[in-house]
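Please read the structure below before turning to the comments.
The values are calculated or read from the model by the stated rules, or taken from the named source; none is laboratory data. As the structure is a computational prediction, the values presented were derived from the model and not from experiment. In this analysis, Cβ positions are derived from the backbone assuming ideal geometry, glycine residues included, and neighbour counts consider all displayed protein chains. Please note that ligands, DNA and RNA were not included when accessible areas were found on the heavy atoms of the full protein model with its side chains. Shrake-Rupley method; radii C 1.70, N 1.55, O 1.52, S 1.80 Å.
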Amino acid sequence: MANYRGGRINEEVRREVSNIIQNEIKDPRLTAMVSVTAVKVTKDLRYAKVFVSIFGKDEEEKNNTFTALKNASGYIRKEIGIRINLRHNPQIIFELDDSISYGMHIEELIHKVNKGK
């Protein structure tokens, strides 16, 4: 598989997973805002690691949302198989991505230091 093809598949799967999470999953545990930051599909198209950032009020809400996403992975896999014509339906593996919240924390620290000057 050419390198550019892998990038296109990753981006298409990311777009579809984001759309499914926002518009089609009706789980009441999904109360926090979920952002799909990246997707990495293996070369044999068997597995797709979906990196998500979850913005919620507290840790319990984030954990409930992440659990709901893990439980919905079968439904998301089925929908991906219907929407994208791939050789195999990739198994969806959700991973937490804390890079956005970490960046916000660093920015907050920089503002605190600049106010002190």
So which of 26/57; 70/112; 57/78 end up more than 28 Å apart by C-alpha?
-> 70/112; 57/78
Using only protein heavy atoms and a 1.4 Å probe, report how much of residue 65 is accessible, in Å² to the nearest 10.
-> 0
Can you give the Rg to Rh ratio for the chain, taking only C-alpha atoms and Rh from Kirkwood?
-> 1.07
At residue 95 and residue 70, where each label point lies 7 Å from the Cα along Cα→Cβ, what is the point-to-point distance in nanometres?
-> 1.6
FRET efficiency estimate (nearest 0.05) - Cβ-Cβ, residue 45 to residue 102, R0 22 angstrom | 0.10
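Grab the Cα-Cα distance for residue 26 and residue 115, subtract it from 0.36 nm times how many residues apart they are, and report the gain in nm with one decimal. Kindly include the intermediate steps, with their values, before the conclusion.
Details: separation 89, 0.36 × 89 = 32.04 nm, distance 4.39 nm.
Computed gain between residue 26 and residue 115 is 27.7 nm.
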Estimated 222 nm signal from helices in the chain, with DSSP H stretches of n ≥ 4 weighted -39500 (n - 2.57), rounded to 500 | -18000 deg cm²/dmol
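For the chain, with every protein chain kept in place, what is the accessible area per residue (1.4 Å probe, Å²)? If you can, show how the numbers build up before the last one.
Values: 7770 Å² over 117 residues.
Counting only protein heavy atoms, the per-residue value for the chain is 66 Å².
Under the definition of Cα pairs under 8 Å and six or more residues apart, what whole-number percent is the relative contact order of the chain? Mind showing how you got there, number by number?
On the way: 142 pairs, mean separation 29.9, N = 117.
RCO, the chain: 26 percent.
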Please list, or write none, the lysines whose alpha carbon is within less than 18 Å of the alpha carbon of residue 43, excluding same-chain residues fewer than 8 places away.
-> none
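Pull up the DSSP beta bridges for the chain and report the antiparallel fraction as a percent, rounded to 5. Walk me through the numbers on the way to the answer.
Values: 8 of 14 bridges.
Counting only bridges with both partners in the chain, antiparallel ones make up about 55 percent.
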